[in-house]
Amino acid sequence: YRMAMALGDSTDRQVLFVARAAALVGGLAGVLLAVQLPNVIAALSIFYSLLGVSLFVPIVAGLYVARAGTPEALAAVAAGMITLLYLRVQPWAATSIWFNPSLAGLVAAAVAFFLVAAVRRPAPTTR
């Protein structure tokens, strides 16, 4: 928190407040999910879908694309998670046997990654 949000000017009291607030929000989210989800398998399914969609494209593309950077990774994570979460609540996506929201999230993450990579830096010139 000190490095990312307040540029190192945070007091210990502010850091403790942010840590407690994050713990409270995380705990409330866990309780809400435990009440809403029918079983543990549903919770694990959501968890691993979010994990795969948010990490697969940035890690794999980051290893193989020389121009990859933080903006590309953040765009891929955001696009993949938004797509997955949106499609998980759509009734038609849950009943389809041919459509998988996780795959759509991966595709959206890859598209966002390569769009930001194409827009952010010009292609290197050859001599």
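List of remarks:
- Any hit, the stretch 73-91, residues being basic (K, R) and closer than 20 Å to Q36 by Cα: yes
- Boolean, V116 is surrounded by fewer than 18 Cβ atoms within 10 Å (Cβ to Cβ) and out of contact with any Ser or Thr (no Cβ under 7 Å at 6 or more places or on another chain): no
- Scanning the stretch 65-93 for residues that are among the aliphatic types (A, V, I, L, M), in a helix (DSSP H, G or I) and either open to solvent by 80 Å² or more (accessible area, probe 1.4 Å) or in contact (Cβ under 8 Å) with a residue 24 or more places away in the chain (or both) yields A73, L74, A75, A76, V77, A78, A79, M81, I82, L84, L85.
- When S45 is tested against (1) modelled with pLDDT of 90 or more; (2) surrounded by 11 or more Cβ atoms within 10 Å (Cβ to Cβ); (3) among the hydroxyl-bearing types (S, T, Y), only condition (1) is not met.
- Once the stretch 94-105 is narrowed to residues that are open to solvent by 90 Å² or more (accessible area, probe 1.4 Å) and assigned to a helix (DSSP H, G or I), the residue that is nearest to L51 (Cα to Cα) is L103.
- The set of residues in the stretch 51-61 that are open to solvent by less than 40 Å² (accessible area, probe 1.4 Å) and not polar (S, T, N, Q) comprises G52, V53, V57, P58, A61.
- In the set (1) open to solvent by 40 Å² or more (accessible area, probe 1.4 Å); (2) in contact (Cβ under 8 Å) with a residue 12 or more places away in the chain; (3) outside any helix (DSSP H, G or I), the condition left unmet by P38 is number (2).
The values are calculated or read from the model by the stated rules, or taken from the named source; none is laboratory data. Quick caveat, the model's predicted, so the values are computed rather than measured. Neighbour counts are summed over all protein chains in view; Cβ atoms, including those assigned to glycine, are modelled from backbone coordinates with ideal geometry. We work out accessible area using only protein heavy atoms, side chains counted, and drop any ligands, DNA or RNA first. Shrake-Rupley method; radii C 1.70, N 1.55, O 1.52, S 1.80 Å.
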